[in-house]
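Asks: Structure below; questions to follow.
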Amino acid sequence: MSLLKRLNEQETNARQVQEGKLQANPGNEKPKEREIKIRLHKYLVEELKKHPNVKEDHIVSMIPKLSEPFFEQDSERLTFEEKQSLLTTVCNELVGYGPITQLLEDPEISEVMVNGPFQIYVEKKGKLHHIQTFFRDDEHVLQVIERIVAPLGRRIDESMPMVDARLPDGSRVNAIIPPLALNGPTITIRKFSQTPFAIEDLIRFGTLNEQMAQFLKGCVKARLNIFISGGTGSGKTSTLNVLSSFIPQNERIITIEDAAELKLSQEHVVSLETRPSNIEGKGAITIRDLVRNALRMRPDRIVVGEVRSAEALDMLQAMNTGHDGSLATGHANSPRDILSRLETMVMMAGMELPVRAIREQIGRAIQLIIQQSRLKDGSRKITHITEIVGLEGDTIVLQDLFVFRQTGMTSEGKISGKFVSTGIRPHCMDILERFGMEFPPDMFREDW
């Protein structure tokens with residue numbers, strides 16, 4: 001959407017609010033404050049129309065100067081803080097994402113959830129908090145959604161009431177509108193860290209310990225196929241991003257995602273992203289399509305953001321045909337559960353394969369499963385590092401190498417526990433040694 005078109009829309013909406021045709025904020029905003037804000041907004045819209053070619057990046061720096069005549073002529077006496085608050089609010093409306101702009105800029109907030117215009121929640125340190133911030137009405141929320149999806153060439157309306165998108169910084173956005181969303185237009189934004197986490201960050205957060213980090217680093221360098229399993233919001237993508245950082249610089253990496261979130265540090269990275277269908281229901285490009293295409297792109301490594309459907313079959317076949325060192329994530333509550341889910345996803349490909357054949361594919365393709373969980377206190381931890389040993393009869397044999405053992409809870413409600421080795425020497429140790437990986441003799445000693 002062009003700046004001029006957006007300004008015209010905002011001018012119309014401001015006039016409708018002033019005339020009472022649109023509902024104003026139901027919060028604690030005083031009528032006088034609202035009236036001044038509407039007049040300032042209208043004034044700045046008119047001033048910005050005089051600069052139609054200005055880039056949005058420069059508008060923020062222009063607004064304080066453009067607003068000086070307004071505050072000089074306005075009869076209301078405002079303090080410096082009140083003026084700054086008004087300018088921030090209006091600036092967020094003009095070039096930001098309305099009331100949630102400041103929430104997106106807060107580094108402590110990891111997720112923003114808009115449940116209709118009058119209910120906004122955020123996630124901080126794994127806990128949900130209700131925020132006393134409001135949109136004006138449903139139309140106001142729809143404008144913000146449109147502002148997010150339009151630059152990506154996507155749309156949202158009654159014929160296509162759901163959309164996945166991303167912000168310029170990579171944050172993942174899901175939006176769903178009436179008639180599917182009964183509360184009103186709903187937005188869920190999973191924020192993307194500007195500075196990607198390193199393995200030292202995960203150790204500091206308590207996601208894993210140094211011994212586990214050292215082992216996983218060796219497994220990535222030794223080109224083991226690794227699957228990261230976990231529930232929603234458990235930190236799978238962050239862990240995948242960290243593990244990807246261990247891939248050598250001289251390898252060609254193909255990343256495949258629904259919404260591009262991975263931020264790899266290597267130079268030779270090709271990022272692929274799915275595409276939804278057009279207005280006629282055609283032209284969709286799925287994860288499975290991209291996995292198949294990636295095999296023709298001479299990849300050294302294939303990294304799949306999330307395996308959730310028939311692409312599981314193509315991913316397993318790739319892992320079994322020389323594309324070792326692949327990384328992927330999937331939703332499951334335990335290492336055993338992800339194997340069952342993979343079986344189901346392979347069946348979704350429409351191939352009439354016997355269960356034993358599917359399990360043989362899984363057993364030979366994947367060497368390591370990393371199970372990540374978000375615990376009750378909001379902390380995210382790798383609870384299992386589990387190795388796939390092979391097939392015994394019709395059963396895939398698993399063995400835990402590292403686990404998180406919970407020992408209790410503190411008086412502040414924090415979960416206490418420790419990461420321990422199960423005392424089992426990894427079956428893949430021969431591969432690691434061939435790649436020159438050396439580990440302390442006591443690393444796999446039980447309860448070091």
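The values are calculated or read from the model by the stated rules, or taken from the named source; none is laboratory data. Note that this is a predicted model, so its numbers are computed, not measured. Reconstructed Cβ throughout: ideal geometry from the backbone, glycine too, with neighbour counts over all protein chains shown.
Asks: Can you name the residue in segment 386-425 that is of a type in the set (K, R) and under 21 Å from I203 (Cα atoms) and, of all such residues, is surrounded by the most Cβ atoms within 10 Å (Cβ to Cβ)?
Replies: This residue is K414.
Asks: Here is a further query. Any chance you could count how many residues in segment 291-323 are surrounded by fewer than 16 Cβ atoms within 10 Å (Cβ to Cβ) and in contact with an Asp or Glu (Cβ under 8 Å, 6 or more places away or on another chain)?
Replies: 1
Asks: For segment 252-296, which positions are under 18 Å from A175 (Cβ atoms), free of Cβ contacts under 8 Å to residues at least 12 places away in the same chain and under 21 Å from the mean Cα position of the chain (by Cα)?
Replies: Matches in segment 252-296: R275 only.
Asks: Suppose we filter segment 185-201 for residues that are among the aliphatic types (A, V, I, L, M) and free of Cβ contacts under 8 Å to residues at least 60 places away in the same chain; how many remain?
Replies: Summing the residues that are among the aliphatic types (A, V, I, L, M) and free of Cβ contacts under 8 Å to residues at least 60 places away in the same chain in segment 185-201 gives 2.
Asks: Just checking, how many residues over segment 422-448 are in contact with a Ser or Thr (Cβ under 9 Å, 6 or more places away or on another chain) and basic (K, R)?
Replies: The qualifying residues number 1.
Asks: Sticking with this structure for a sec: Output the helices (runs of 4 or more DSSP H) that fall wholly within segment 41-146 and possess 3 or more residues being of a type in the set (D, E, K, R), or say none.
Replies: Result: 56-73, 80-95.
Asks: Which residue, of S373, S326, is touching a Gly at 6+ places or on another chain (Cβ under 7 Å), buried (at least 18 other Cβ atoms within 10 Å of the Cβ), modelled with pLDDT of 90 or more and within 25 Å of G218 (Cα to Cα)?
Replies: S373
Asks: Could you look through segment 220-241, keep only residues that are part of a helix (DSSP H, G or I) and under 14 Å from the mean Cα position of the chain (by Cα), and pick out the one that is surrounded by the fewest Cβ atoms within 10 Å (Cβ to Cβ)?
Replies: Among residues in segment 220-241 that are part of a helix (DSSP H, G or I) and under 14 Å from the mean Cα position of the chain (by Cα), the one surrounded by the fewest Cβ atoms within 10 Å (Cβ to Cβ) is T237.
Asks: Got a sec? Which of L182, L208, L128 is free of Cβ contacts under 8 Å to residues at least 40 places away in the same chain and within 21 Å of the chain's Cα centre (by Cα)?
Replies: Every option except L128 fails the conditions.
Asks: Something else: Which is at pLDDT 70 or above, surrounded by fewer than 17 Cβ atoms within 10 Å (Cβ to Cβ) and assigned by TED's automatic domain parsing to the domain that holds L167, of Q73, Q102?
Replies: Q102
Asks: With the condition kept exactly as written, say whether any residue in segment 437-447 is among the basic types (K, R) and either over 15 Å from N209 (Cβ atoms) or in contact with a Lys or Arg (Cβ under 6 Å, 6 or more places away or on another chain) (or both).
Replies: no
Asks: In segment 354-396, what residues are in contact (Cβ under 8 Å) with a residue 12 or more places away in the chain and either outside the structural domain of R308 (by TED's automatic domain parsing) or in a loop (DSSP other than H, G, I, E, B) (or both)?
Replies: The answer is I366, Q367, L375, K376, D377, G378, S379, D394.
Asks: Another question about this same structure. Let me confirm something: among I187, I247, which residue is surrounded by 21 or more Cβ atoms within 10 Å (Cβ to Cβ), among the β-branched types (V, I, T), touching a helix residue (DSSP H, G or I) at 6+ places or on another chain (Cβ under 8 Å) and part of a loop (DSSP other than H, G, I, E, B)?
Replies: Unique residue meeting the criteria: I247.
Asks: For a quick check of your reading: which strands (runs of 3 or more DSSP E) sit entirely within segment 252-326 and have at least 1 residues that are more than 16 Å from I228 (Cβ to Cβ) and among the charged types (D, E, K, R)?
Replies: Passing ranges, in order: 269-273.
Asks: Can you tell me which residues in segment 317-329 are under 24 Å from the mean Cα position of the chain (by Cα) and under 18 Å from T344 (Cα atoms)?
Replies: Selection gives A328, T329.
Asks: Next up: So which residues in segment 160-179 are free of Cβ contacts under 8 Å to residues at least 24 places away in the same chain and either farther than 21 Å from G96 by Cβ or in a loop (DSSP other than H, G, I, E, B) (or both)?
Replies: Those that are free of Cβ contacts under 8 Å to residues at least 24 places away in the same chain and either farther than 21 Å from G96 by Cβ or in a loop (DSSP other than H, G, I, E, B) (or both): P161, M162, P168, I176, P179.
Asks: Another question about this same structure. Any chance you could count how many residues in segment 391-418 are at pLDDT 90 or above, over 28 Å from the mean Cα position of the chain (by Cα) and small (G, A, S)?
Replies: Final tally of qualifying residues: 0.
Asks: Could you tell me whether V112 is surrounded by 15 or more Cβ atoms within 10 Å (Cβ to Cβ) and either assigned by TED's automatic domain parsing to the domain that holds R172 or under 26 Å from P178 (Cα atoms) (or both)?
Replies: yes
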